[in-house]
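Note sheet for the following structure.
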Ligand SMILES: [Zn+2]
Ligand SMILES: [Zn+2]
């Protein structure tokens with residue numbers, strides 16, 4: 001999910017928002033200095049650090065993780081420097097680094113923070129979209145270009161050994177090797193049952209392209225091995241299976 005897609009969704013969902021890039025001074029002084037627009041969001045909630053130091057609970061947008069921020073007034077060194085509000089980094093320190101774009105927004109009840117520079121993987125993206133109003137999503141989905149341009153991408157792949165692949169298929173009798181899986185696949189044109197080949201320890205993690213690291217899996221178990229919540233446990237089950245072969 002791109003930065004602009006997130007901003008677009010925030011724009012369509014919340015009354016206003018404000019972004020500031022984390023400066024060297026913010027990190028050096030262990031305190032984030034909000035910009036004018038960000039201060040206005042806190043003013044809306046009548047949180048004024050010039051009155052007194054306050055611990056404020058804000059939520060991370062989309063995740064609802066709660067961060068406690070210490071909001072206080074600070075007199076900077078040097079003559080005639082104005083008093084400025086700062087945010088203690090107790091909970092922020094692991095959240096921000098120099099150059100990150102920090103977005104603040106609110107829904108009239110809660111103040112939200114979001115680090116726009118954090119990368120979003122597929123699972124976070126799904127989580128974000130699941131919290132967007134479905135009618136808004138429908139409107140946006142209806143407005144996309146139905147004829148996207150072709151993009152050529154470079155991907156890194158490992159060539160597979162066909163002998164190994166076909167041996168494992170025959171070893172499995174074209175049935176899923178995940179213990180206790182009873183899925184019976186569909187037949188292909190050539191009469192064989194459809195089955196997929198999976199490396200239990202991925203080659204990218206140093207696994208071998210060998211009999212003792214390769215299994216035949218049904219499409220459902222295969223996807224589960226890559227994406228399920230309990231994928232580590234599933235992987236262990238296959239390792240046990242291979243060890244006992
Ligand atoms: Zn796989
Ligand atoms: Zn299976």
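Please tell me if residue 162 is exposed (fewer than 11 other Cβ atoms within 10 Å of the Cβ), under 30 Å from residue 107 (Cα atoms), modelled with pLDDT of 90 or more and out of contact with any helix residue (DSSP H, G or I) (no Cβ under 8 Å at 6 or more places or on another chain).
So residue 162 does not fit the description; no.
Looking at the stretch 22-50 only, could you name the residues that are closer than 16 Å to residue 112 by Cβ and not in a helix (DSSP H, G or I)?
32, 34, 45, 47
To keep it simple, each residue is scored yes or no on (1) away from ligand 1 (no atom under 16 Å from the Cβ); (2) in a helix (DSSP H, G or I); (3) closer than 18 Å to residue 168 by Cα.
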position	(1), (2), (3)
198	no, no, yes
208	no, no, yes
215	no, no, yes
222	no, yes, yes
232	no, yes, no
239	no, yes, yes
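Test each condition in (1) in a loop (DSSP other than H, G, I, E, B); (2) over 30 Å from residue 229 (Cα atoms); (3) touching a residue at least 24 places away in the same chain (Cβ under 8 Å) for residue 19 and report the one that comes out false.
That leaves (1) as the condition not met.
Report the residue count in the stretch 205-223 for those that are away from ligand 2 (no atom under 16 Å from the Cβ) and free of Cβ contacts under 8 Å to residues at least 40 places away in the same chain.
Result for the stretch 205-223: 6.
The values are calculated or read from the model by the stated rules, or taken from the named source; none is laboratory data. As the structure is a computational prediction, the values presented were derived from the model and not from experiment. Backbone-built Cβ (ideal geometry, glycine too); neighbour counts: all protein chains shown.
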